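Read through the structure below, which is laid out as structure tokens, and then see the notes.
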Amino acid sequence: MDIEVRFRKLESRYRTALSAAVAARANYLALAGVSGVTPAAVERAKSLWQQIEFRKRIIVAKMAELEALEDAAS
């Protein structure tokens, strides 16, 4: 597969992950600021946010690897 095509697919995945991370963080912060919400619910929201952030970082690392491959090929 062409490096540019792979890079574009990773960019698309990154944008999706970024949007999901922003929404998950907003949800976590909203739950953390409301009284009456169980600590378990807050922790689940935080965990989800952190998982999405981790996936986002993995995608960034893959993008960097592709850029390094492209630089080495040229």
List the extent of the Cα atoms of the chain along each of their three principal axes, largest first, rounded to whole Å.
-> 58, 15, 15
Starting from the Cα of Ala41, step 7 Å along the direction of its Cβ; do the same at Val60; then give the gap between the two resulting points in nm.
-> 3.1
Relative to the present Cα-Cα distance, how much length would full extension add between Leu69 and Arg13 at 0.36 nm per residue of separation?
-> 18.2 nm
Once the in-chain neighbours fewer than 8 apart are removed, the lysines whose Cα is under 24 Å from Lys9 read Lys56, Lys62
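Where a number appears in this text, it was derived from the coordinates with a stated rule and is not lab data. Note that the structure is a prediction, hence the values are computed from the model and not measured. Note: ideal-geometry Cβ built from the backbone for every residue, glycine included; neighbour counts use all protein chains shown.
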